[in-house]
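Okay, structure first, notes after.
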């Protein structure tokens, strides 16, 4: 008797579970390649990481990156993707892509948007044309773009607001999820993820978790967070969600984040992350290092002939000194590229060491070591102490 | 450095091979040749891994001094030279005095120093400082300090000054070059000045040709704008300016013409007998 054929476009294999925390190391198989989790996904909003070629990104070990439906949908547009055969071909990227639905722009471009049950109406700042983004339209554009993972259109509200709007958005997100599932045409090659909403209200989050986990989607995202809310509230919503979400499906924490956030939220059971921080901060002259940040603009770097990080294997650290980078940072475009390459490598290396620590069942030691390097005077942020304590890690 | 002419066409264009490139061992380059422009030590928008894809075309690199001058003290402390600092040490490095994408204002050069315009403004460079920079940077080829401000069009006096000063700078640079252990493998280029005044240009060319330089740079032709006085190079009146200079120069040394030349003008310049160009046209 032959084994049942797996038609799914996604499989998750849990390789190891931490015996102390909720962390897990997995292998996520997607149409274009396998991704090791926990994974950090760099953001290439308009189809490229600013200044980086796909080849350079491949060299860093990156297996999956993000593109944005709102931006790509208006420029170059779904029609062109249909003609070309998708974003992978258009940008020359052989590995995985994930597209956000365009929902986040409802928050980031809130002055330019209007939400109704039908969808979101955006006025485009570049060409003054209106775009009505419905769940159906978002899925249609994402089907054309062709990413391996696509996100439902959700009704997103800023995490800093409260009141009835939050409940309205949560309810609408469930209804929009169903419309997205209905509209999705390419289930064999593209995985539609649901996005849990509910703001910072555990009652609302629980309702949403209950409802959405009834739907048969390949993965879940935790949305509506990482928008400037109090970190003490943030982690509680994250851990509530990972407690509830099915273990055999990936958990994607959207918009996170800083290195400390990645380490803590991995302990809370998240598998996938994305954030513009490492690439954006690179363009402003800041490099990420094990002890935190290095501002290359500072005078102290002018005569420092060491690389950014002596233990980093990226092409920037192998060739250049801090002194050299100091002369060009924020002045020559090459500086943005060199720092972006380093910061991406830092993130990839960080995630790899998180994964290895989980596999060796040494994650608590790893976390302590990491946190001590970041906070040498042991002045840990309160939320990190509480969040880690909730999963049995006591920071020394 | 050894410049070997392989053939000269009837109309004046030359094919040559340059060998004995100091620290580069057996490597050679052929002319006509284009130098890859850099800005503050980087090839604009291209990281080194991308540059490698250009292969041998990216081998000769042009480092204009103005935006690098602020790094003088750093390079002295670094002590491994500019090639190493920029991760370009496997490239042939040529350091020019001015940056042909920056148009310096007129009237700021004095008798004993030249003004270079960096990021934080004007820097005055005399021969001592200039040669100290060369010793810290350790380029393969460099243009000797020169006064390329030929004043208003037709101004004989200022044109003559630029010729005189440039020759004086050249002689002192040559003296210091000879004494320098560090610059043993580097080659020094002399500059032809004289602006719009024919007699001054010829004088400059004749005199510079007498000095033991590795090659020549045609300067001072930016009377109103980049190479304004000589473009388009195929036109009568314009090409004579270049021709009159080249008539005074020996055949067996290379000639550099800096500045944004489009392909048509490059072809015209090659026919006149120019060997080396830069890629500032792209910027």
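Some notes on this structure:
- From the list B:123, B:68, the lone residue that is modelled with pLDDT of 95 or more and under 28 Å from residue B:261 (Cα atoms) is B:68.
Residues are listed down the side, and each one gets a yes or a no for (1) within 28 Å of residue A:200 (Cβ to Cβ); (2) surrounded by fewer than 21 Cβ atoms within 10 Å (Cβ to Cβ); (3) out of contact with any strand residue (DSSP E or B) (no Cβ under 7 Å at 6 or more places or on another chain); (4) within 14 Å of another protein chain (Cβ to nearest Cβ):
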site: A:244; (1), (2), (3), (4): yes, yes, yes, no
site: A:256; (1), (2), (3), (4): yes, no, no, no
site: A:263; (1), (2), (3), (4): yes, no, yes, no
site: A:272; (1), (2), (3), (4): yes, no, no, no
site: A:281; (1), (2), (3), (4): yes, yes, yes, no
site: A:325; (1), (2), (3), (4): no, no, yes, yes
site: A:342; (1), (2), (3), (4): no, no, no, yes
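- Applying a threshold of 8 Å to beta carbon distances and a minimum spacing of six or more residues, or different chains, the list of pairs starting in segment A:157-181 at a residue that is free of Cβ contacts under 8 Å to residues at least 24 places away in the same chain and ending at one that is surrounded by 14 or more Cβ atoms within 10 Å (Cβ to Cβ) reads A:165/A:157; A:168/A:155.
- Helices (runs of 4 or more DSSP H) wholly inside segment B:1-107 that include at least 3 residues being within 14 Å of chain A (Cβ to nearest Cβ), in contact (Cβ under 8 Å) with a residue 24 or more places away in the chain and over 30 Å from residue A:54 (Cα atoms): B:72-78
- Considering the conditions (1) closer than 26 Å to residue B:77 by Cα; (2) touching a helix residue (DSSP H, G or I) at 6+ places or on another chain (Cβ under 8 Å), residue A:311 is excluded by exactly one of them, (2).
- Only residues that are within 16 Å of the chain's Cα centre (by Cα) and touching a residue at least 40 places away in the same chain (Cβ under 8 Å) were counted across segment A:213-227, and they come to 8.
- Flag for residue A:384 being within 14 Å of chain B (Cβ to nearest Cβ), touching a helix residue (DSSP H, G or I) at 6+ places or on another chain (Cβ under 7 Å) and assigned to a helix (DSSP H, G or I): no
- Total residues in segment B:108-123, condition part of a loop (DSSP other than H, G, I, E, B), in contact (Cβ under 8 Å) with a residue 24 or more places away in the chain and away from chain A (no Cβ under 14 Å): 3
- In the set A:354, A:359, only one residue is within 30 Å of residue A:233 (Cα to Cα), at pLDDT 95 or above, away from chain B (no Cβ under 14 Å) and surrounded by 23 or more Cβ atoms within 10 Å (Cβ to Cβ); that residue is A:354.
- When residue A:40 is tested against (1) closer than 21 Å to residue A:143 by Cα; (2) assigned to a strand (DSSP E or B), exactly one condition is not met: (1).
- Selection status of residue A:280, within 17 Å of the chain's Cα centre (by Cα) and more than 28 Å from residue A:19 (Cα to Cα): yes
- Among the residues of this structure, residue A:59 counts as one that is within 14 Å of another protein chain (Cβ to nearest Cβ) and surrounded by fewer than 18 Cβ atoms within 10 Å (Cβ to Cβ).
- Only residues that are under 23 Å from residue A:80 (Cβ atoms) and either free of Cβ contacts under 8 Å to residues at least 60 places away in the same chain or surrounded by 24 or more Cβ atoms within 10 Å (Cβ to Cβ) (or both) were counted across segment A:147-156, and they come to 5.
- Within segment A:68-94, the set of residues being touching a helix residue (DSSP H, G or I) at 6+ places or on another chain (Cβ under 8 Å) and in a loop (DSSP other than H, G, I, E, B) comprises A:86, A:92, A:93, A:94.
- Segment B:223-249: number of residues that are assigned to a loop (DSSP other than H, G, I, E, B), within 17 Å of the chain's Cα centre (by Cα) and in contact (Cβ under 8 Å) with a residue 40 or more places away in the chain: 2
- Contacts under 6 angstrom Cβ, first residue in segment A:376-395 being farther than 10 Å from residue A:264 by Cα, partner modelled with pLDDT under 95 and surrounded by 15 or more Cβ atoms within 10 Å (Cβ to Cβ), 6 or more apart: A:380/A:395
- Cross-chain or 6+ apart pairs with Cβ under 7 Å, segment A:16-41 first and without any contact (Cβ under 8 Å) to a residue 40 or more places away in the chain, then outside any strand (DSSP E or B): A:29/A:10
- Matching residues, segment A:327-340, being outside any helix (DSSP H, G or I), at the interface with chain B (Cβ under 9 Å from one of its Cβ atoms) and surrounded by fewer than 19 Cβ atoms within 10 Å (Cβ to Cβ): A:331
- Residue count for segment B:148-179, restricted to those that are assigned to a loop (DSSP other than H, G, I, E, B) and within 19 Å of the chain's Cα centre (by Cα): 3
- When the test is whether a residue is modelled with pLDDT of 95 or more and more than 14 Å from chain B (Cβ to nearest Cβ), residue A:389 passes it.
- Qualifying residue in segment A:117-125 (condition: over 18 Å from the mean Cα position of the chain (by Cα), surrounded by fewer than 19 Cβ atoms within 10 Å (Cβ to Cβ), at pLDDT below 90 and closer than 30 Å to residue A:335 by Cβ): yes
- Within segment A:303-317, the set of residues being under 28 Å from the mean Cα position of the chain (by Cα) and facing chain B (nearest Cβ under 9 Å) comprises A:315, A:316.
- Any hit, segment B:215-222, residues being in contact with a strand residue (DSSP E or B) (Cβ under 9 Å, 6 or more places away or on another chain), under 23 Å from residue B:127 (Cα atoms) and assigned to a helix (DSSP H, G or I): no
The values are calculated or read from the model by the stated rules, or taken from the named source; none is laboratory data. Computed from a predicted structure; not experimentally measured. A quick note on method: Cβ atoms are made from the backbone with ideal geometry, for glycine too, and the neighbour counts reach across all protein chains shown.
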